[in-house]
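Undergrad: Provided herewith is a single structure, encoded as structure tokens, for subsequent inquiry.
The values are calculated or read from the model by the stated rules, or taken from the named source; none is laboratory data. Small disclaimer: the values here were computed from a predicted structure and weren't measured. Ideal geometry is used to build each Cβ from the backbone, glycine not excepted, and the neighbour counts take in all protein chains shown.
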Amino acid sequence: MKSLRIYFTSDVHGYVYPTDYLDNDRKDIGLLNCMNHYQKDGNTLIIDGGDTIQGSPFTNYLSSKALNKHPMAEIMNVAGYDYVTFGNHEFNYGYEYLKSYMNHLDGKCLCINIKDSTGGIDILPYDIKVMENGLKIGVIGFTTDFITRWERPCNIENFQIEDVYTSIEKCFDTVKGQADIVIGIYHGGFEYELATNKKLSESKENIAYKICKDFDFDILLTGHQHMPIEGQYLHGTYIVQTPHNGTRFIELTMNYDEESGEKNFESSLKEASLPPKQDVYDKFLPLEEEVQRWLDTPVGHLSQELNPEDHLTMARQGSPLANFINQIQLEESGADIACTSFANVIKGFHKNVTVRDILATYPYPNTLVVLKVTKEVLKKALERCASYFDYKDGEISISESFLKPKVEHYNYDYFSNLTYTFDLKNEVGNRVTSISYQGKELTNEDTLSLVMNNYRSSGAGGYEFYCECEVEKEILTEMPEIIINYFTKHSFVDVDEKTYIHVIPS
């Protein structure tokens, strides 16, 4: 009997220190807490599934610095990571930042469907590793090919990003023939609900269900959807997934009987509980303290606090917080109308605004795009937003399509300078009953300029029709910086309190 142990993280999103950055308190979160629980020996693998170097104020701060050796790589090395793969957010801060991280890792970067055409980053499609007990482990990495839809072209111009399924198809049998155990590291999730086998998406963004069905992986380590999957079998493959931001990690054990070929798996989601790994904590503490001081830097003042309500309430009634982001986008772009969305978890703004408020409310390094839109396009966009609501027996709730397989509040958009009405008594796709601009109902001949983030302009989140629109302008400054600059121009800001949406029944 031979054993293998795996520690697996994914979607850490730069949360290294034991804090969520909403304040400076120590909490059960972060890579330093996770890694202090690892017990590595010659029959243990430590693996990360991507979205590691973007998403927290810590990594946002790092992205603005000239780095000789990337602190995230140093931390991963101390933790003992053997393998990583790319997440889609790995590319957000550009090629040089990503290269600094990847090329300072001691572990190997595996990704069968991404190649660096310049050769600047060392990427292997797969690896065969012989453990101390003689087990031959084949490991293949791959990531969602929707990166090409979401990412700014300048950030991925050095990469060839290929179809996930066909890339696996080309190498799977080769790896299988050399290994006792085949492991997939997939920065992607499931297109079916695992409990019911109900298909939830026709998109190829997540195809883990199809991969398990068509390929004989022993273990598939998944990510991207931020779902807690403690461990279960799917079409004979043992699958796991972690929540995001380093709140939990997977510990998986396998026992392999060479004579019978029988493989038994057990796994659990472990809490990233305090204390953190102290020597690493101390080494990078001066950097973390710099980040905390930067977060507490005052940037300006608002006429009122902008605290978020629950997502359903804001979607039904509108939100001054969304209006505020939109008024910044409107001034920066000169567009007629604006739309924005909220992350699943947002902090909001105090009257006296700090950098912390901004990064905890708008955590993404999005840039802005201005599109020329017609009434027809706006109708499609607003119908997509109206599908956020489920109306049954007089009760309004959030549609399951925005909650499964992944919670996607960020795919509901709030518009400003555009007044619109949803009638939820109508069927989905026919709920938008009014769209007006400057007090006049739009006609089919009207066109407007609409500013949005580059993620949405790519058609992501069910807004594919935006890809057909004319691009009037691109603003390549990242939104957190745009918000900070806005306060530089306007040290005291009157918030737009207008309600642009009307939902029936109210």
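Undergrad: Could you count how many residues in the range 311-343 are hydroxyl-bearing (S, T, Y), farther than 21 Å from A360 by Cβ and within 24 Å of the chain's Cα centre (by Cα)? Working first, answer last.
TA: Residues of the range 311-343 that are hydroxyl-bearing (S, T, Y), as a first pass: 313, 319, 333, 340-341.
From what is left, the residues that are farther than 21 Å from A360 by Cβ are 333.
Now narrow it down to the ones that are within 24 Å of the chain's Cα centre (by Cα): none.
So the answer is 0.
Undergrad: If you take the residues in the range 275-301 that are assigned to a loop (DSSP other than H, G, I, E, B) and among the charged types (D, E, K, R), which one is surrounded by the fewest Cβ atoms within 10 Å (Cβ to Cβ)? It would help to see each step written out before you state the result.
TA: From the range 275-301, those assigned to a loop (DSSP other than H, G, I, E, B) are 275-277, 284, 296-297; that's our starting set.
From what is left, the residues that are among the charged types (D, E, K, R) are 277, 296.
Details: K277: 19, D296: 11.
Within the range 275-301, the match that is surrounded by the fewest Cβ atoms within 10 Å (Cβ to Cβ) is D296.
Undergrad: Which of the residues belonging to the range 147-165 are at pLDDT below 95 and either aromatic (F, W, Y) or at positive phi (or both)?
TA: Correct list: W150 only.
Undergrad: Turning to a different aspect of this structure: Across the range 234-265, which residue is surrounded by the most Cβ atoms within 10 Å (Cβ to Cβ) among those that are closer than 24 Å to M131 by Cβ and of a type in the set (A, V, I, L, M, F, W, C)?
TA: I239
Undergrad: In this structure, is L371 buried (at least 19 other Cβ atoms within 10 Å of the Cβ), touching a Cys at 6+ places or on another chain (Cβ under 8 Å) and modelled with pLDDT of 95 or more?
TA: For L371, the condition - buried (at least 19 other Cβ atoms within 10 Å of the Cβ), touching a Cys at 6+ places or on another chain (Cβ under 8 Å) and modelled with pLDDT of 95 or more - is met.
Undergrad: Only one residue in S397, S401 is assigned to a helix (DSSP H, G or I) and surrounded by fewer than 22 Cβ atoms within 10 Å (Cβ to Cβ), so which one is that? Quick ask: steps written out before the conclusion?
TA: Numbers: S397 fails: assigned to a helix (DSSP H, G or I).
Result: S401 is the single residue among S397, S401 that is assigned to a helix (DSSP H, G or I) and surrounded by fewer than 22 Cβ atoms within 10 Å (Cβ to Cβ).
Per-residue answers, yes or no, for (1) within 23 Å of A179 (Cβ to Cβ); (2) among the hydrophobic types (A, V, I, L, M, F, W, C); (3) without any contact (Cβ under 8 Å) to a residue 12 or more places away in the chain:
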{"residue": "K2", "(1), (2), (3)": "yes, no, no"}
{"residue": "V12", "(1), (2), (3)": "no, yes, no"}
{"residue": "Y15", "(1), (2), (3)": "no, no, no"}
{"residue": "R26", "(1), (2), (3)": "no, no, no"}
{"residue": "L32", "(1), (2), (3)": "no, yes, no"}
{"residue": "T52", "(1), (2), (3)": "no, no, no"}
{"residue": "M102", "(1), (2), (3)": "no, yes, no"}
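Undergrad: Here is a list: I53, I29, I112. Which entry is of a type in the set (A, V, I, L, M), assigned by TED's automatic domain parsing to the domain that holds V164 and under 18 Å from K270 (Cβ atoms)? Steps first, please.
TA: Details: I53 fails: under 18 Å from K270 (Cβ atoms); I112 fails: under 18 Å from K270 (Cβ atoms).
When all the criteria are applied, what remains is I29.
Undergrad: Go through the range 148-165 and give me each residue that's assigned to a helix (DSSP H, G or I) and over 30 Å from F265 (Cβ atoms).
TA: Within the range 148-165, the subset assigned to a helix (DSSP H, G or I) is 148-150, 153-155, 164-165.
Passing the criteria: T148, R149, W150, P153, C154, N155.
Undergrad: Going through the range 66-78 one residue at a time, which ones are in contact (Cβ under 8 Å) with a residue 60 or more places away in the chain and in contact with an Asp or Glu (Cβ under 9 Å, 6 or more places away or on another chain)?
TA: V78
Undergrad: Could you say which residue among S387, S333 is more than 30 Å from T196 (Cβ to Cβ), among the hydroxyl-bearing types (S, T, Y) and crowded, with 18+ Cβ neighbours inside 10 Å? Quick ask: steps written out before the conclusion?
TA: Working: S387 fails: more than 30 Å from T196 (Cβ to Cβ).
It is S333.
Undergrad: Mind listing whichever residues of the range 258-308 are in contact with a Phe, Trp or Tyr (Cβ under 8 Å, 6 or more places away or on another chain), charged (D, E, K, R) and farther than 30 Å from V182 by Cβ?
TA: Once the filter is applied, which keeps residues that are in contact with a Phe, Trp or Tyr (Cβ under 8 Å, 6 or more places away or on another chain), charged (D, E, K, R) and farther than 30 Å from V182 by Cβ, the range 258-308 yields E288, E290, E305.
Undergrad: I've got another one for you. Suppose we keep only residues that are more than 16 Å from D413 (Cβ to Cβ) and in contact with a helix residue (DSSP H, G or I) (Cβ under 9 Å, 6 or more places away or on another chain) within the range 304-330. Which one would you say is surrounded by the most Cβ atoms within 10 Å (Cβ to Cβ)?
TA: Within the range 304-330, the match that is surrounded by the most Cβ atoms within 10 Å (Cβ to Cβ) is L306.
Undergrad: Sort through I168, I183 and tell me the only one that's modelled with pLDDT of 95 or more and part of a strand (DSSP E or B).
TA: Details: I168 fails: part of a strand (DSSP E or B).
So the residue among I168, I183 that is modelled with pLDDT of 95 or more and part of a strand (DSSP E or B) is I183.
Undergrad: Could you say which residue among K176, K99, K129 is assigned by TED's automatic domain parsing to the domain that holds F86, farther than 24 Å from I6 by Cβ and not hydroxyl-bearing (S, T, Y)?
TA: Numbers: K176 fails: farther than 24 Å from I6 by Cβ; K129 fails: farther than 24 Å from I6 by Cβ.
Within the list K176, K99, K129, the selection yields K99.
Undergrad: Quick one: in the range 132-156, of everything that is loosely packed, with under 14 Cβ neighbours inside 10 Å and touching a residue at least 12 places away in the same chain (Cβ under 8 Å), which residue is nearest to the chain's Cα centre (by Cα)? Outline the logic, then answer.
TA: First, pick out the residues of the range 132-156 that are loosely packed, with under 14 Cβ neighbours inside 10 Å: 132-134, 136, 153-154.
If we keep only those that are touching a residue at least 12 places away in the same chain (Cβ under 8 Å) too, we end up with 132-134, 136, 154.
Numbers: E132: 36, N133: 37, G134: 37, K136: 33, C154: 19 Å.
Step by step, filter the range 132-156, then rank; the result is C154.
Undergrad: Where in the range 405-506 are there strands (runs of 3 or more DSSP E), lying fully within it, with 3 or more residues that are crowded, with 19+ Cβ neighbours inside 10 Å and either in the same structural domain as S319 (by TED's automatic domain parsing) or free of Cβ contacts under 8 Å to residues at least 40 places away in the same chain (or both)?
TA: Details: elements: 414-416, 419-423, 432-437, 447-453, 470-475, 501-504.
Result: 414-416, 419-423, 447-453.
Undergrad: Additional query: In the range 127-147, which residues are among the hydrophobic types (A, V, I, L, M, F, W, C) and in a loop (DSSP other than H, G, I, E, B)?
TA: Those that are among the hydrophobic types (A, V, I, L, M, F, W, C) and in a loop (DSSP other than H, G, I, E, B): M131, L135, F146.
Undergrad: Please verify whether S268 is of a type in the set (G, A, S), surrounded by fewer than 15 Cβ atoms within 10 Å (Cβ to Cβ) and either within 23 Å of the chain's Cα centre (by Cα) or not in a loop (DSSP other than H, G, I, E, B) (or both), treating the condition exactly as stated. Before the answer, list the steps.
TA: Working: of a type in the set (G, A, S): yes; surrounded by fewer than 15 Cβ atoms within 10 Å (Cβ to Cβ): yes; either within 23 Å of the chain's Cα centre (by Cα) or not in a loop (DSSP other than H, G, I, E, B) (or both): yes.
Taking the combined requirement at face value, the residue satisfies it.
Undergrad: Of the conditions (1) small (G, A, S); (2) under 30 Å from L135 (Cα atoms); (3) not assigned by TED's automatic domain parsing to the domain that holds I47, G223 satisfies every one except a single condition; which number is it?
TA: G223 satisfies all of (1) small (G, A, S); (2) under 30 Å from L135 (Cα atoms); (3) not assigned by TED's automatic domain parsing to the domain that holds I47 except (3).
Undergrad: For a quick check of your reading: which helices (runs of 4 or more DSSP H) sit entirely within the range 49-126 and have at least 3 residues that are surrounded by fewer than 22 Cβ atoms within 10 Å (Cβ to Cβ)?
TA: Those helices (runs of 4 or more DSSP H) span 71-79, 95-102.
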